[in-house]
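Readers should treat all values here as calculations from the given coordinates under stated rules, not as data from a laboratory. Since the structure is predicted, the reported quantities are computational estimates derived from the model, not experimental observations. Reconstructed Cβ throughout: ideal geometry from the backbone, glycine too, with neighbour counts over all protein chains shown.
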Amino acid sequence: MTATGNAPALTVRGATRRFGARLAVDGVDLDLHAGRITALLGPSGCGKSTLLRMIAGLEPMDGGTIHAEGRLLADATRATPPETRGVGLVFQDYALFPHLSVADNVAFGLKDRPRAERRRTALEWLDTVHLADRADAWPHMLSGGEQQRVALVRALARRPHTVLLDEPFSGLDRHLKSEVRQTLMGALRAADAAVLMVTHDAEEALLMADDLALMDKGRILQTGAPDDAYLRPVSPAAARLLGETELLAAEVRSGVATTAFGALPAPDAPDGPAWAMIRPGDVRISIDGVPARVAAVAFGGPFIEIKVQADGQTLRLRTTDPAPAVGEAIQVTLAADRARLYPRP
Ligand SMILES: Nc1ncnc2c1ncn2[C@@H]1O[C@H](COP(=O)(O)OP(=O)(O)OP(=O)(O)O)[C@@H](O)[C@H]1O
């Protein structure tokens, strides 16, 4: 069962924040649910951190409201202090206290409990991220991935209803990322908190999120399940946030969109100009496709990227097949079920 039918743990409505003339966050609505990870994905400067800071209580609101568990946390005139919001924030740079041991870092937020219980609780939390044996180490003795795990359980130990993670894996190298990601997700699921994770990494967002929120220029473009957002983006801008895209000029007539690289079914599109969006991995080299000429070939590791031209237009495709030569005549087919059409003004 998913929690989507239940009341959200935290609700943001119309959140707005201005810096001078710049609208950094522009009327954002967002629901976070207990036990679910929401990824907030957007390019650098789109307002992700500002929104996170508003939810945490580190940034005032110029408009809108934030509610959690039935109480108002903030609006344009009132703001509950960060420490009484029940919201945990894990910073990009971990921000562990350097003069406290690992266990004391985790126990820091449990000041109201007896000393022995604080220690026991800290060890239990450290165990969930496989670090109980490092309890008495100093933060600087830990690797980046280990520090990140400590920072997470330090936040979770206070039992917040909502946990905010700001680019939690940005400081880690590639091979560590997937390992730390697995461990973090295990601990987050065990905590049953509502989680909002800020990232500009589409793959990370798709892999980790139960719910996805796509943000650009201070606004939420789309929310929903990761596969739905990937397969049915609401606009070319939303599509681009989730991976490489190609936009082809198309002409729609009687339910068929014609492009330089083939026709696509367009049962719901009005007649006239349109954009056809397709991802490079959804274009195939075929024997019965549209004739095209190879303009460039690049080695991309797991795939080869090929630029093809037809009718004066260029299209990138990605294949794992042997690469054709530059200048060669080939045929290509668009995966019609993966293409999307958008109005072209
Ligand atoms: N304290 C501030 N004063 C003035 N402008 C600010 C301030 N904080 C953020 N901004 C501006 O608001 C916009 C949104 O910034 P924000 O840090 O929220 O973006 P972001 O999506 O988190 O970016 P990144 O992924 O690079 O961290 C940016 O244009 C930024 O320059």
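I'd like the Karplus ³J(HN,Hα) series for the range 286-299: coefficients 6.51, -1.76, 1.60, θ = phi - 60°, whole numbers in Hz, and an x wherever there's a Gly or Pro.
Listing the rounded values in order: 9, 9, 10, x, 8, x, 8, 10, 6, 9, 7, 9, 10, 7 Hz.
Starting from the amide H of residue 344, placed 1.01 Å from N in the peptide plane, find each other amide H under 5 Å away whose residue is 5 or more places distant or on another chain.
Hits under the 5 Å cutoff: 274, 275.
Could you pull out every residue, at least 5 positions away or on a different chain, whose amide H is within less than 5 Å of the one on residue 197? Hs are placed 1.01 Å off N in the peptide plane, and Pro or chain starts have none.
Result for residue 197 returns 38, 39, 40, 165.
Report, as a whole number in µm² per second, the diffusion coefficient that Stokes-Einstein gives for the chain at 20 °C and 1.002 mPa s using the Kirkwood radius over alpha carbon pairs. Provide the component values of the computation, followed by the final result.
Working: Rh = 22.5 Å.
D = 95 µm²/s.
Which percent, nearest 5, of DSSP beta bridges in the chain are antiparallel? Intermediate results must be reported in sequence, preceding the final value.
Numbers: 61 of 79 bridges.
The antiparallel fraction comes to roughly 75 percent.
Using the alpha-carbon centroid of each, what span in Å lies between the range 156-233 and the range 77-139?
21
With springs only between Cα atoms under 10 Å apart, run a GNM on the chain and tell me which of 65, 77, 50 wobbles the most.
77
How much length would be gained if the chain were fully extended between residue 284 and residue 174, taking 0.36 nm per residue of separation minus their Cα-Cα distance, in nm to one decimal? List each step's numbers first, then the result.
Values: separation 110, 0.36 × 110 = 39.60 nm, distance 2.93 nm.
Length gained between residue 284 and residue 174: 36.7 nm.
Divide by every residue of the chain the summed helix terms, -39500 (n - 2.57) for each DSSP H run of at least 4, and state the resulting mean residue ellipticity at 222 nm, rounded to the nearest 500 deg cm²/dmol.
Numbers: 8 runs with 79 residues, N = 345.
Value at 222 nm, helices only: -6500 deg cm²/dmol.
Quick check on the range 20-98: take the gyration tensor over C-alpha atoms, sort the square-rooted eigenvalues as a ≥ b ≥ c, and tell me if it's rounded (a/c under 1.5), prolate or oblate. Intermediate values should be presented prior to the final figure.
Details: a/c = 1.27, a/b = 1.05, b/c = 1.22.
It comes out rounded by the Cα gyration axes.
Take the chain, connect every pair of alpha-carbon atoms lying under 10 Å apart with a spring to form a Gaussian network, then pick out the residue of 326, 198, 25 with the largest mean-square fluctuation.
Its mean-square fluctuation being the largest, the pick is 326.
Using θ = phi - 60° and the Karplus curve 6.51 cos²θ - 1.76 cosθ + 1.60, what whole-Hz ³J(HN,Hα) does each residue of the range 156-164 get, with Gly and Pro shown as x?
Listing the rounded values in order: 5, 4, 7, 6, x, 6, 9, 10, 10 Hz.
Quick one: what are the phi-derived ³J(HN,Hα) couplings along the range 101-118, Karplus 6.51/-1.76/1.60 with θ = phi - 60°, whole Hz, x for glycine and proline?
Karplus-based 3J(HN,Hα) across the range 101-118 equals 5, 4, 5, 5, 4, 5, 7, 4, x, 10, 4, 6, 9, x, 4, 5, 5, 4 Hz.
Would you pull out the residues with amide H under 5 Å of residue 215's amide H, same chain only if 5 or more places away, H placed 1.01 Å from N?
Here the answer is 41, 42, 221, since their amide H atoms fall under 5 Å of that of residue 215.
Using a Gaussian network for the chain with springs between C-alpha atoms less than 10 Å apart, which of these wobbles most: 196, 32, 142?
Comparing 196, 32, 142 in a Gaussian network model of the chain, the most mobile one is 142.
Neighbouring Cβ atoms within 10 Å as the yardstick, rank 170, 49 fewest first. All intermediate terms of the calculation are to be shown ahead of the outcome.
Numbers: 170 15, 49 21.
Ascending number of Cβ neighbours within 10 Å: 170, 49.
In debye to the nearest 20, how big a dipole does the chain give about its Cα centre with +1 on each Lys and Arg Cβ and -1 on each Asp and Glu Cβ? Please report the intermediate quantities before stating the final value.
Working: 39 positive and 42 negative charges, 167 e Å.
Approximately 800 debye in magnitude.
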